[in-house]
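Shown next, in structure tokens, is the structure this report addresses.
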Amino acid sequence: MDTILPLYISCKTAVLATVITFFSGIGLAYGISRLKTGQDICDAVIMLPMVLPPTVVGFFLLLLLGKRSSIGQFLLRFDISLVFTWYGAVIAAVIVSLPLMYRTARGAFDQVDINMIYAARTLGSSEWKIFWHIVFPNSRQGILAGTILAFTRALGEFGATIMFAGNIPGITQTMSTAIYAAVQANDYDLAFRWVQVIVAFSFSTIIAMNYWLKRQKK
């Protein structure tokens, strides 16, 4: 059982992180796309984790949510600590995968014919109905692509996770951190087996996404 725990923890972390990223990424993409001012600043803030080294992202998470931070001190009053926990691994995965979901969704929203939106507004449709009946259906391929990319990114997250959540076997040790631990222990056979698993998992996911997108175009 211990030998498959990193796979289980990785999948569990990636699934929850993707669910959070899906809704937050779509919401941010649609909200920021409608801003009249400040789009560039908001865009830069959200995209920053994509260009920063993952260890820097993990360090910022420690500063923001660690036990010495204001938020960390507040959570400790309720006996809650996010550092070196599975929830910390999820937070790290969300932060590093969110830019992919956000950018892909926003690009898809920008491709929607604005005339359809204007027509719906003229007919008295609310912004909520316009989003769910026009914008979202016409952006589904881009949203799916962003979701898959976010999932695979969360699945392979290492730097921010090991900084913020650590590498605790059975709790926060994902496949990526298991590879690191195996190499540190000079167990290259184990490291290579985990590399094969994560590569096969990510590769098959991307192939499935491409196949689905091609079928949608027919």
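The values are calculated or read from the model by the stated rules, or taken from the named source; none is laboratory data. Since the structure is predicted, the reported quantities are computational estimates derived from the model, not experimental observations. Here the Cβ positions follow ideal geometry from the backbone for every residue, glycine too, while neighbour counts run over all protein chains shown. Note: accessible area is taken over every heavy atom of the protein model, side chains too, but ligands, DNA and RNA are not part of it. Shrake-Rupley method; radii C 1.70, N 1.55, O 1.52, S 1.80 Å.
Each residue of segment 85-97 was assigned a 3J(HN,Hα) from its phi angle through the Karplus curve 6.51 cos²θ - 1.76 cosθ + 1.60 (θ = phi - 60°); the sequence is 10, 5, 5, x, 5, 5, 4, 4, 5, 5, 4, 7, 8 Hz, with glycine and proline shown as x.
Here each label is just a point 7 Å from Cα along the line to Cβ, and for L213 and Y118 those points are 3.0 nm apart.
Tally up the carbon and sulfur contribution to the accessible surface of segment 1-151 as a whole percent, 1.4 Å probe, everything protein left in place. If you can, show how the numbers build up before the last one.
Details: 5870 of 8650 Å².
For segment 1-151, the apolar C and S fraction of the accessible surface comes to 68 percent.
Tell me, what is the per residue accessible area of the chain in Å², probe radius 1.4 Å?
Values: 12510 Å² over 218 residues.
That works out to 57 Å² per residue.
Among I162, I117, I198, the largest mean-square fluctuation in a Gaussian network model of the chain (Cα springs under 10 Å) belongs to I117. Taking a straight Cα-Cα cut-off under 17 Å and skipping sequence neighbours fewer than 8 places away in the same chain, the aspartates and glutamates within cross-link reach of K12 are D2, E157. Note on the chain: Cα convex hull, mean projected area over all directions, 15.0 nm². Across the chain, the mean sequence separation of Cα contacts (distance under 8 Å, 6 or more residues apart), normalised by length, yields a relative contact order of 31 percent.
Between S125 and T55, what length comes free when the chain is fully extended (0.36 nm per residue of separation minus the Cα-Cα distance, one decimal in nm)?
Numbers: separation 70, 0.36 × 70 = 25.20 nm, distance 4.57 nm.
Answer, rounded to one decimal: 20.6 nm.
I'd like the FRET efficiency for M47 and A185, computed as 1/(1 + (r/R0)^6) with the beta carbon distance as r and R0 of 30 Å, rounded to 0.05.
0.25
In debye, nearest 20: dipole of the chain around its Cα centre with unit charges on the Cβ of K, R (+) and D, E (-)?
Details: 17 positive and 10 negative charges, 136 e Å.
That gives a dipole near 660 debye.
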